[in-house]
Structure formats: structure tokens, C-alpha cells
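Bear in mind that the values in this text are calculations on the coordinates, not laboratory data. All values reported here derive from a predicted model rather than from experimental measurement. Reconstructed Cβ throughout: ideal geometry from the backbone, glycine too, with neighbour counts over all protein chains shown.
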Amino acid sequence: MDKPFFYEGLNEETTICGRCGYCRDVCPAYEVGGWESFSPRGKMALVQAANEQEYPQKLIDRVYQCTLCGACREVCHLNIDTRQMWLDLRQRIAKSGKAPEVMYSLRDTVRDKGNISGEEQSSRLLWSENLDEVPEGLNGKKNPEVLYFLGCVSSLFPAAYSIPQSMVKIMTKVGVNFTTMGAEEMCCGFPLMAAGLTDDIKKLAEENIARIEELSPSCIVMSCPSCLHTWKHEYPRLLNRELPFPVLHSSQYLLKLRQEGRLKLKEKEQIVTYHDPCDLGRNSGIYDEPRQLITSVPGVKLVEMERNRENSLCCGGGGNLEMTDKELAANISDLKVNMIKETGAQTVVTGCQQCKRTMSGAVRKAKARVRVQDLTEFIVSMLDD
Amino acid sequence: MDNHLSELLCNRITDDWWERVTYGRDLAEVPGIMRWALRLETIPDLVARPQNTEEVAALAQYAYSQGIPIIPRGSGSSAFFNSVPVKKGITIDLSGISGILNLDEKQEEVTVGAGQRWEALDKALRQKGWAVRSYPSSAPTATIGGWLNMEGYGIGSLAFGPLSEQVVRLEVVLPDGTIKEVTQASEPAISWFAGSDGTLGLVTKVTLKIRHAPDVEGHWLLSFKDVASLSKAAATVAEEANRPYNLGYYSAHYFDFFRQLGYPAPHGEILAVDYEGNQETVQGGQKIIKQLAGTFGAEILPTEVGVSEWKERFYHMRIKRLGPTLMAAEDWIGVNNLSQYQDSVARLGSRMRTKFYSYGTIVNSQKMTMFTAYRADSRQGLGYIVAMAVTGRLHQLAINLGGHPYSVGLWNTPYLPSIFSKVELAKLKKRKKELDPKGLLNPGKHYTYPSLLPPWFFSFGTRMASLLQRYTGAREKE
């Protein structure tokens, strides 16, 4: 039976919390921060000690010094949906005007520009300029087999450009009829949810869905797990209706192509480990498909990290943490790199551009001899010539 | 804060109230009015997070010279206020002193920092073909030092005895800051510190006996129609030459609550029998279980149910969701008294209109720990205080049958006369005076009860207050 999770309100759940501390020992922020107040049970103690109308600065800091990875929820003795609790607390804090200033700036940026970078929306296709050949109908083609939703990071941050480039190369090679939303793709709203500023998300959802309905794809594929989570779990709740098309993560779609025999890969001996992105694994329940895809490459040996699947250690890049406490995020990434190194793998593959970016930085800092790749990059390097 | 301390620990010591308040309780929810009435000062003045023995020693020296209480804390996962201050002072969070320091495969021993968590240690050892011998049911978070300072009985105790018997060596910082190596034969000995609630020294390193990681595991549940047959079966199997690794008891009501939460759960009075070892041991165990079921009229439940319950062995508190508070009494009782105990609990439940559930661990053919719990709501004011008083009635049921409360901490001090004989208590107090003449290490615990809670008054008070439970307690859905 799937484990049920509950969230019946802040007061109820902080009373139900037994203070057993199971959450403390899987919490990356606690492991790095060291003080009980970083831990989930510590934050609940702060909530109970505080006046609900006026949260102390310590609690505000700790609530935003969290990657929203959800590891605490997995081990919770009382099945508290702790991730929901942190989001609820962020909303309460943001509503009171006491969230970190950078969260309000982020909201304004998304409101003004439609994306998190502050670039003009027209920049959303810059990544495609480096392709050997820009596929016909890359932007706004109607009735495609696949609509590839890139997400803000892949579209607008050059360090992540190789992810959409890889995905497009794979789909072109396989002969998939696909398109993107180009400049009309809007931020999915996930960063606003993590900020605690949720008012604009419904509008973003409506705009994204309306545009996609015009294009009428058979399915949507996303390489960003946070977009995926928002689309699959938040949009139906916000709009009170099911999505009119299936939404898949790139790992699911590429595995499907592989199983259908459309995606042909060459043999290469290498040892690979896989990092479960929090929004793909714990928060969306997708653990097997990325592993099946990786191990479908002839010659590849997959070795697991000490913490994997439901118990995976966050890379440090989630929950807008880098915006509020860069050092804490970097220290969590260092823990991740140590865990990767212990596997002896030559490559760590993940399914998230944010995880890839965070781990790449930490691997560089640690001078570790490990290649960090998104699944799309890994697969494109294995395409059969 | 004294400069000496900030120089010693830099940013690993704090007097920030919002940090200190998170160290002001454990699993037990104690209403403010009760803390006030008993004059308990549960928020420490300072919290320190040392990372090595030398820092612990320097902290102890400082506190000793200044006459400040110090309170050692592992994960704070007990419920007796063992690691919660009652007279403020410096809480020393020992979580940072952890990790495997040495694995001696020849001697079958591992040395760890005392703040090492049990489950993590076991996982790390299993990667090298070894395993811990026993562990607490709070293993995901409980520390090695913390469990040693409790009584140290839990999963695997049937096979390997209490933790104190598995410890080869301790490194202890005494209250004056002296660092001492302690063995089974030294003076003071390991037995002094085991179950002492951290009142004699700060344990910083532990060397433990370990076992070869089992090749095979077998987990079975036997469902009995009555508790008397179950207790006889438990005593019988605990006497077998091929005795199980672990034996657990679950009352029928325990699983009623789980069903209420939506979990699939077995019916009947349940005996969990767990075998670990080589193929021969586990296959032999399976034969014993079949014989046991035949002799005592039990049903062997499908294997997957046994395995599923084994996986849930660290999650006995799930029922708290129905609470939202859980009140409980944990006691030692005789295995042969289990049936009488459960009959008494049922009668008490009927009188109080309160549904109790129990689970226990059989540690040998004679004795077992028994955890009996019920729902409450800590936000209820008087109703909650009444509910707390009911624990006194449950302890009394165990005492009436020759048992006594498990662990002392703060909350079981009114039961000191039941837990220890006068001679034993005098011996413990002598040790305390010898090692901690100023009474600064975890004061207010283990040796004496709060002045407002003398045993006679406590017993009378809990009896009177609990009479109201019939009217104020949580009502169960039938």
C-alpha cells in the first residue's frame, strides 16, 4: 500500500508531530546547519513556541533555509506531509510581508517577464541557435506528437542549453514530430510556489494550458521535474480539472522510444550512478524509468549511491535555497558530491537541469573526476551513428 | 555568554532563545502549568555542539568550575525527560561526535562516537559484512550513547542481552572534565553508566561487540485467540536452543488503531517471531514456529504480513495521528503475567471508557517490556492532565504484578521505590556522590523525585485525577 500523507493544518500537525527526530537525520539543511532549529522537528518546535500572528526571524530564516526536498516526509513517523507544511508556512510568511526580499523580486520578475531570469521572452529560443540544424517547426507547430516544454532554466540559462539541444537532437534523430512553445512558454509557477507567493500561479497555468490547447499535441514532455510536478499536481488542483493531455518526464518519454525500438543506442562500457531529483522522485514518484533508460544502454553498469530513490539526498539546489542562503546550498552540494565519489562512478546522471547545474558546480569545486550529465545529454552521447 | 566558551566552540555554542527552546522537550508533551507547578526550568541557558572529546571535557571543566548544570543530549528521542533540563544549565548536544572510528574485525568490535545513530551504524556495518547485535525501536534517530544511558533493551535483546553486556569499552568525560576509559572490570565500570540517564558522565566513545551480518532473515506473525496461549508460546520459544533473534507482542487493539488509519493489519493477539542468521537457523526457526502454532492453537499469518510488520518496527507511534497526543506507560512485566496484565488493562479501559493498545518486547523467557498507550489531546488543559494521570494507573497495574516502570529519567522518579530496592538506590546514590559530588550532571533525574511529587502523593494524585478520565478522555469510534 502506498504510504498516505496528511496535512490537516499547521496547528494540528505541529501537535501531532511526536518529535521523534527521524526527520532530523535525513534533513540536508540540518546536516549542514547543525542546529536543531534547522531540522523539521525543530521548525515545528519554533512554530509552537511562536505567536502565530508574528513569526520570529529565526523561524522565517529556517523555513526558507530548506530545499523542500521532502526527505522528512518520507520518514515521518506520523505521515505528516511536511513538504506541504513548509509551503504553507512560506505562504503565511510571504503574506505577512516578511519573506526574504528576493522572493518578492522573483515574483515581480515573473509577473513582468513571464520567466525567472528577467530576460525578454524572445530569448527563450537562443539555445537553438547553436544547433547544427534548427528543425522545422521547432516553435509553435500545430498537432505535434510531442510538445517539449523546456522550463525557464533550460531556455534561458546558457549553462543548461545543452539539455534542450540534446533532447531536440534525440527527437530529430528518432523522427519524432515535435514542437516547442518558444517565446510563448511561460514560467510554470513552481518558483513562486516555493517562494510562498502563489497568487499568480493560476494565471500562469491558464496561459500555458490555453496556448498548448491551441497547438493540440498528443503529449507534453518536460525535462524539468519541477515543471512536471507543477503541471501534474498543482495545475489540476488550481484549475479544478484534469489536464487534457498526458504529461511525461523526458526519462519516461525516452524510455518509451527505447522500448518501441525507435531509439537506438550504441554500446559503451562505463560505470554510472543516478541522482534522483527530489521533484522527480519523492515528489512525483518517478524512480524506475530513469534507471531503466540508463541500464538500457549496452555496457553501462548502474551503481546506486548510499542514499537513493525515496531516501535520496538533495543536491542542494531546491526550494529557492540558493536565493536565500548560497553557502548552505553549496555545503549540501558538497555532501552530495562526497556520496557520488563513494560510488566510484565515472558519470553521475540526473533528470533535472537544476540538479545538474548544482552538482556540476560542486564537482568542479571538489576537483572530482566525475562527469555530470542530464539524462538527455547522456542519451545523446550514446546515439547510434 | 562567557568569552571562554565562545572561543572554545566558536559558532557551535549559543544563548539564542529561539535555538534553546528547541532543546526544551523530548517526546513527552508537558503542559506549561505542570512545568511551572513542578518548577521545571526546561529551556537551557546555553546549547553547545562539541565535535570531539576534548571540547566536551573543556565544557565540563568550565561548568564544574562555575557550578552550572550540564545536560547531555543525544537525539532527544526518549520520553522521560532524560535529556531535558529541569534546572536550566548547558545542554551538550552530542550528535556531532559520531562516525565509525575503528572496526576491529578480528575482535568483532566497532568503536564509534557516542552520537552515532543506530540505524546508520547498522547500515554501514552491513556493507562490510557485519551488523549490530541489538538496537532500539527508535534506531533511525537514537544514538549509541543515548540508548546506553537508557536501559538498552530492544530489538535483538532476546538473542544478545542488554546493550550494557555488549559494550567493551567506553570513553567518558566525568563531571569535573576528567577523561576516563571505562571497561566491564574497571572502577567505575560500564554497568555504572548503563541506564544512568547521563547523570554520572558524558559518554563520548563506545566500543561494541558486533555480529556477522545475517545471511537470511525470517519474520513471522502468529495470531492467537487469547493472550494466555500467546504468553506460554513466547516463553516456550524463548527457551529454545535455537531461540529467535527477536520476539514482539502486539495486542489486538494495537492493530485496530492501524486499521483506523487505513493500514492493512492482522487480527488477534499477535506474537512476532524474527529469526536471523544462516539458512539452518532460519529454517530451524520456521519448524519451531509451526510446532508452536500447533501446540498453542495459533495461526501463522502469510509471510508478507510478517515482513511488512518487521519493516514497520521503527514506527509504533503512527497511531499518534489519531491522538493528536499519545500517552503511554512503559513497564517491565513477567511474560507469565502478560495475560493478567492485559485483563487488568481491559478492566481499567472499561472503567475509564478508554481504549488502550499495547506492544512489547520479550527479552527472555521471564520478562518483557510492555508499552501501553492511549489517545489524548495536549491542547485540552484539564482533560490532558487527567489523561496524564492515567499513566500512573497503568504503571500500578504492572507494579501489582511484580513489574515496574522501564527507565527512570524524570517522570518515573516517583516510582523509585518500585524500580530499585533501598539497597540498590543507596548504592546508586553513592556512585553519584563519588563521581559528581556537586550534583551538576543532569540534575533532578534518576535518584530523587521532585519535592512536590513524593511517591505517596503522586500515587494518590494520579488515582484521584484519573477518575475523571471516564468523562474527559478521548472517545473511540466503535
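Computed quantities for the displayed model
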{"read-out": "Subset of region B:106-147 (residues that are in contact with a Lys or Arg (Cβ under 8 Å, 6 or more places away or on another chain) and assigned to a loop (DSSP other than H, G, I, E, B))", "value": "B:Glu108, B:Ala114, B:Arg133, B:Ser137, B:Ala139, B:Pro140, B:Thr141, B:Ala142"}
{"read-out": "Qualifying residues in region B:309-335 (those that are in contact with a Ser or Thr (Cβ under 7 Å, 6 or more places away or on another chain) and β-branched (Val, Ile, Thr)) - the one farthest from the other protein chains (Cβ to nearest Cβ)", "value": "B:Val335"}
{"read-out": "Which listed residue, of B:Ser83, B:Ser95, is surrounded by 24 or more Cβ atoms within 10 Å (Cβ to Cβ), in a helix (DSSP H, G or I) and not basic (Lys, Arg)", "value": "B:Ser95"}
{"read-out": "In region A:189-205, the residues that are closer than 20 Å to A:Asn240 by Cα and outside any helix (DSSP H, G or I)", "value": "A:Gly189, A:Leu197, A:Thr198, A:Asp199, A:Asp200"}
{"read-out": "Answer residue from region B:13-30, given it is of a type in the set (A, V, I, L, M) and either in a helix (DSSP H, G or I) or in contact with a Cys (Cβ under 8 Å, 6 or more places away or on another chain) (or both) and is farthest from B:Asp45 (Cα to Cα) among those", "value": "B:Leu27"}
{"read-out": "Region A:24-52, subset under 24 Å from the mean Cα position of the chain (by Cα), at the interface with another protein chain (Cβ under 9 Å from one of its Cβ atoms) and outside any loop (DSSP other than H, G, I, E, B), residue surrounded by the fewest Cβ atoms within 10 Å (Cβ to Cβ)", "value": "A:Asp25"}
{"read-out": "When residues of region B:361-385 are limited to those that are assigned to a strand (DSSP E or B) and within 14 Å of chain A (Cβ to nearest Cβ), the one surrounded by the most Cβ atoms within 10 Å (Cβ to Cβ)", "value": "B:Ala376"}
{"read-out": "Single residue of B:Ile399, B:Ile419 found to be closer than 24 Å to B:Ser358 by Cβ and touching a helix residue (DSSP H, G or I) at 6+ places or on another chain (Cβ under 7 Å)", "value": "B:Ile399"}
{"read-out": "Filter result (hydrophobic (A, V, I, L, M, F, W, C) and part of a helix (DSSP H, G or I)) within region A:313-348", "value": "A:Leu321, A:Met323, A:Leu328, A:Ala329, A:Ala330, A:Ile332, A:Leu335, A:Val337, A:Met339, A:Ile340"}
{"read-out": "Subset of region B:1-42 that is more than 11 Å from chain A (Cβ to nearest Cβ) and basic (Lys, Arg) - its residue that is nearest to the chain's Cα centre (by Cα)", "value": "B:Arg35"}
{"read-out": "Complete set of residues in region A:2-23 that are at the interface with chain B (Cβ under 8 Å from one of its Cβ atoms) and either in contact (Cβ under 8 Å) with a residue 40 or more places away in the chain or assigned to a loop (DSSP other than H, G, I, E, B) (or both)", "value": "A:Pro4, A:Phe6, A:Ile16, A:Gly18, A:Arg19, A:Cys20, A:Gly21, A:Tyr22"}
{"read-out": "Failed criterion for B:Arg313 (all others in (1) in contact (Cβ under 8 Å) with a residue 60 or more places away in the chain; (2) farther than 17 Å from B:Ala234 by Cα; (3) part of a helix (DSSP H, G or I); (4) out of contact with any strand residue (DSSP E or B) (no Cβ under 6 Å at 6 or more places or on another chain) hold)", "value": "(3)"}
{"read-out": "Yes/no for A:Met186 being buried (at least 16 other Cβ atoms within 10 Å of the Cβ) and not in a helix (DSSP H, G or I)", "value": "yes"}
{"read-out": "Residue selected from region A:287-303 under the condition touching a helix residue (DSSP H, G or I) at 6+ places or on another chain (Cβ under 7 Å) and in a loop (DSSP other than H, G, I, E, B), by the criterion farthest from A:Thr347 (Cα to Cα)", "value": "A:Tyr287"}
{"read-out": "Region B:245-290: number of residues that are in a helix (DSSP H, G or I) and within 14 Å of chain A (Cβ to nearest Cβ)", "value": "4"}
